[in-house]
Amino acid sequence: MEEKLPEDLANLSELDEKSLLEVLTGRFTQNLIYTYIGDILVAINPFKYLSIYEKEVSERYKCHEKKTLPPHIFAVADRAYQSMLGRLATGPKNQCIVISGESGAGKTESTKLLLRHIMELCKANSQLEQQILQVNPLLEAFGNAQTVMNDNSSRFGKYIQLRFQNSSVKGAKINEYLLEKSRVVHQDEGEQNFHIFYFMLAGISTEDKEMYGLLDPTRYRYLNGRFGKEDMIQAWRVKYAEVCNAMDMVGFEEQEKVDMMTILAGILSLGNITFETTDSDALKVSEASRGWLKATAGQFGVQEEDLLKSLTCTTSVTRGEAIQRLHNQQQAEDARDSIAKVAYGRVFGWIVSKINELLAPKVDCDVELNEIGILDIFGFENFAVNRFEQLCINLANEQLQYFFNHHIFLMEQKEYKEEGISWEAITYKDNKPILDLFLTKPIGILSLLDEQSAFPQATDRDFVDKLNSKFKAAPNFEIVRNHTPLFTIVHYAGKVQYNASGFLEKNRDTIPANIRELFINSVTPLLSVLFAATISRTGTLMPRKAKLQVADDNFNSTRKQSVGAQFKHSLAVLMEKMFAAGPHFVRCIKPNRSKQPDQLDSKLVMDQLRYNGLMETIRIRRDGFSWRPAFREFAERYNILLLTPDLPLDKSSCMSILNSTELSGWKCGSSRLFFKYWHQEDLARLLERLGRAALVIQKNYRARICRRRYLALLAEIQRQRQAQREREEREEEERRRQQLEDERKRRLELEQENLRPASPPVPLPRKKKPEPRPRSVLNIVPKAPHLEPVPVPRPRSKLFEATPFDNELNENVHLDASLMLQPIDEERIKEKHLKKTNTIRWFKETQVRKLTRDGGFPSWFHGMITRRQADDLLIDKPLGCFLVRVGQSREGYTLTFRCVLPKHVKISILVHR
């Protein structure tokens, strides 16, 4: 039987590194990868599939009590969602979930699980929720890549803001940070370019490859001439189909997808352009790459000569005079790579802005929305060679560690001191000096980097020399004596040595001067849109609207901002959002560096526990007070526990409320209360108990009201039924009385009749013999001998061969003889003529094309004739013959047929089409 290990490290009886590691190792071997530290979740990446994320598991973690179920990422999502709705300790408030850890610790997968469960909690079943869930696969394809530490490493940071109205999600926004654009043109050994290039080359059909101008993947320099094995290629094909499906789900148009793939193909072709110098020291494109230049120009939708000019020279205007400066080979290659990086960065920024546009809340501006933010940002990195990207990534992790320390240690212990709570201070590793080293103005690392980037002639060595001069006495900075520009920063997670080669150029993030104008005039619509856009202070893409044209100087002013300045500003905006929300922490741990399942490297895990400050976190969660509401805030929320109306919102009311409960271990300060992390759930249970009691009261009250209404309705129905019965009895009595009265009158009349004298019978006058009816003006054809019924209709009369209505053109010819003798009613004739005209119009407009065959009408159709004329046509025909005619007074058809009937009976059947 497996040993029962504690689920909450704050409950450990002995708190030391050994016992902590033993518990985590024991739980990991039992596939229990989640462990609590109070209200903080520790997650160890299992590097394998576990069946703890199925639908039935997700259902159990909906509105659950923490103590009833084991630790889980779903519990964090549920807690954040319930807190956002105001169902836990505080009222409705924005929440944020901070996921931190090393690269490869499982942050991206944790983000996807959190998103999925939150969608389940808000009963997501509309297209919007599915679009939100499809955002991650799309962003991973364009923003993630394989590194030596992680096969699916996020090479950018993202903060996903889910917007809610009441309990329903109404929209979302993605904030992206510091895409590692340099990966497009260079990857270290064992690493790959962004996933989308491999997905595209593996998944696109042969016909589409020809359309986009894509060749064999091993020919592309930006992919290091390498591609995957067959099993990997098959997996990439599946991923490409998922990306296309995500684009369709999110709402990308077909032309946009075509343009995007064309630009990606152009970036790959651009990397194969090489340069050489002629005998006269002039720079030109090498003969071997002439075809690549032509392909790139076609894919970018620009002229080949213009693209070549952008690569090989720089044009500047001084005092109205254009001056061309030719590039050397290195400058031309730098220009080529900078175009590739900027183009890819614009594509990625456009995808994010497109997603935000499609997922924006469709509600009125004055509607207040609550929010849950999920931060999935690059983990701390320490490679063999660390460049500008690693410096920014590790700075972001320093900022997150400070945010964690601020909430868990700094703010908490500061309030203990201010409120007079007896407390033995817990020391922790404060990384504020490291942040100051980076962010202080004007002598922080980023400020000095911007200063050096402003000098065109400054070098990376100059930048490092400036750092060595300014920070030689700083405890977190170490000078490296080497001919290569190197320096070392002592981060909270350990020492990292940075190679400053390329720092200045990457910070400037420049592109050839005339490339923007060239791409704005591109015939590829998307490329034109991307380079006509402006860049915000945080480095994000802001597409230019047709109605709001932005002046060129706007672009230039924002373009002058360095990458470091943009990143520093975006971090400040992110921290502002997070400090205004209720935080939830997920600390991800990487068990081994080989990415193998069921293996735990104790030293690696212990290092992560130490630099994440988990020992101190456990101690402050065990002994400290993580929830510290003000008196007013507490009384407003929990005054219902006293069942006393109009309770004053002060300290005495709070004491009365708490004394009415069985809570223990809390403390009272001068302006606020101090609670352990479990007190929130205890108080939530008390409110839930009162809520259930309120439901019982409401249920019984409503049942009583409904029963009272039911009885009243029942009495009314019974009264109405009784009145109905009485009314029916009266009516029956009246009917019987009337019958008796009628019977009495009848008998009286009979008696009077019997008393009258008898009279002789009078014979009735004899009826006249009926006159024979006048026949039609048509000659009577002698009867044919009696034959059996023939189903074949007789051919039409020659009178009607021309058109079905020729017989009606001259109405006077076919007037019945008896009608001629009668006085003429002109109004009646006009009405009849109008009806016939309307019928003829209906027939010609709607029926002729249905009846005519080879220009003629069928033999059984006889146009518009009278019933008498139809009878005359059938009088000498065998039984069963029929004809079809058009009605004279209404739209439709009439069927006339011959059958055996008494002489005085005739039948016409109307047939309406």
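Restricting attention to segment 637-663, the residues that are farther than 19 Å from residue 689 by Cβ and assigned to a helix (DSSP H, G or I) add up to 5. Among the residues of segment 598-623, not one is small (Gly, Ala, Ser), at pLDDT below 80 and assigned to a helix (DSSP H, G or I). Go through the residues of segment 140-147 one by one and say whether even a single one is farther than 19 Å from residue 345 by Cα and either open to solvent by 20 Å² or more (accessible area, probe 1.4 Å) or aliphatic (A, V, I, L, M) (or both). Within segment 140-147, not a single residue is farther than 19 Å from residue 345 by Cα and either open to solvent by 20 Å² or more (accessible area, probe 1.4 Å) or aliphatic (A, V, I, L, M) (or both). Of the residues that sit in segment 89-102 and are over 23 Å from the mean Cα position of the chain (by Cα) and buried (at least 21 other Cβ atoms within 10 Å of the Cβ), which one is modelled with the lowest pLDDT? Only one residue tops the list, namely 89. Taking segment 191-217 as the range and being open to solvent by 40 Å² or more (accessible area, probe 1.4 Å), more than 32 Å from the chain's Cα centre (by Cα) and either acidic (Asp, Glu) or within 23 Å of residue 140 (Cα to Cα) (or both) as the test, the residues that pass are 210, 216.
Of the listed requirements (1) more than 29 Å from residue 681 (Cβ to Cβ); (2) buried (at least 18 other Cβ atoms within 10 Å of the Cβ), residue 105 misses just one: (1). When residues in segment 347-361 are screened for being open to solvent by less than 30 Å² (accessible area, probe 1.4 Å) and over 19 Å from residue 164 (Cβ atoms), 8 of them pass. Here are 4, 112: which of them is at pLDDT 90 or above, basic (Lys, Arg) and farther than 24 Å from residue 620 by Cα? Matching residue, one of 4, 112: 112. Taken residue by residue, segment 35-49 has at least one member that is surrounded by 22 or more Cβ atoms within 10 Å (Cβ to Cβ), over 20 Å from residue 677 (Cα atoms) and hydrophobic (A, V, I, L, M, F, W, C). Of the residues that make up segment 257-272, is at least one touching a Cys at 6+ places or on another chain (Cβ under 8 Å), surrounded by 15 or more Cβ atoms within 10 Å (Cβ to Cβ) and touching a residue at least 24 places away in the same chain (Cβ under 8 Å)? Within segment 257-272, none of the residues are touching a Cys at 6+ places or on another chain (Cβ under 8 Å), surrounded by 15 or more Cβ atoms within 10 Å (Cβ to Cβ) and touching a residue at least 24 places away in the same chain (Cβ under 8 Å). Anything in segment 386-401 that is modelled with pLDDT of 90 or more and over 21 Å from residue 540 (Cβ atoms)? List them, or say none. Listed by number, the residues that qualify are 386, 387, 390, 394, 398.
If the condition is being within 13 Å of residue 893 (Cβ to Cβ) and either among the small types (Gly, Ala, Ser) or loosely packed, with under 13 Cβ neighbours inside 10 Å (or both), then segment 859-871 contributes 863, 870.
Condition check for residue 614 on (1) within 26 Å of residue 422 (Cβ to Cβ); (2) of a type outside the set (Ser, Thr, Tyr); (3) under 37 Å from the mean Cα position of the chain (by Cα); (4) open to solvent by 10 Å² or more (accessible area, probe 1.4 Å): one failure, at (4).
Which condition number in (1) surrounded by 14 or more Cβ atoms within 10 Å (Cβ to Cβ); (2) free of Cβ contacts under 8 Å to residues at least 60 places away in the same chain; (3) in a loop (DSSP other than H, G, I, E, B) is the one that residue 74 fails? The one condition residue 74 does not meet is (3).
Each residue in segment 8-34 was checked for being among the hydrophobic types (A, V, I, L, M, F, W, C) and either open to solvent by 60 Å² or more (accessible area, probe 1.4 Å) or assigned to a loop (DSSP other than H, G, I, E, B) (or both), and 4 pass. When only residues in segment 649-662 that are open to solvent by 30 Å² or more (accessible area, probe 1.4 Å) and in contact with a strand residue (DSSP E or B) (Cβ under 8 Å, 6 or more places away or on another chain) count, which is nearest to residue 631 (Cα to Cα)? Top of the filtered list is 651. So which residues in segment 664-686 are open to solvent by 20 Å² or more (accessible area, probe 1.4 Å), in a strand (DSSP E or B) and touching a Leu at 6+ places or on another chain (Cβ under 9 Å), if there are any at all? Within segment 664-686, 667, 668 qualify. If I filter segment 895-907 down to residues being open to solvent by 10 Å² or more (accessible area, probe 1.4 Å) and closer than 25 Å to residue 852 by Cβ, which single residue comes out as modelled with the highest pLDDT? By that ranking, first place goes to 895. Among the residues of segment 419-458, those identified as modelled with pLDDT of 90 or more, among the charged types (D, E, K, R) and either buried (at least 17 other Cβ atoms within 10 Å of the Cβ) or more than 18 Å from residue 478 (Cβ to Cβ) (or both) are 432, 450, 451. Can you confirm whether segment 294-302 contains a residue that is within 41 Å of the chain's Cα centre (by Cα), open to solvent by 10 Å² or more (accessible area, probe 1.4 Å) and of a type in the set (A, V, I, L, M, F, W, C)? Checked segment 294-302: at least one residue is within 41 Å of the chain's Cα centre (by Cα), open to solvent by 10 Å² or more (accessible area, probe 1.4 Å) and of a type in the set (A, V, I, L, M, F, W, C).
Taken over segment 376-405, the criterion of being out of contact with any helix residue (DSSP H, G or I) (no Cβ under 7 Å at 6 or more places or on another chain) and closer than 24 Å to residue 565 by Cβ is satisfied by 386, 387, 390, 391, 393, 394, 397, 400, 401.
The values are calculated or read from the model by the stated rules, or taken from the named source; none is laboratory data. Being a predicted model, the structure only gives us computed values, none of them experimental. Note that we place each Cβ from the backbone using ideal geometry, even for glycine, and neighbour counts take in every protein chain shown. To get the accessible areas, we keep the full protein, side chains included, count just its heavy atoms, and leave off ligands, DNA and RNA. Shrake-Rupley method; radii C 1.70, N 1.55, O 1.52, S 1.80 Å.
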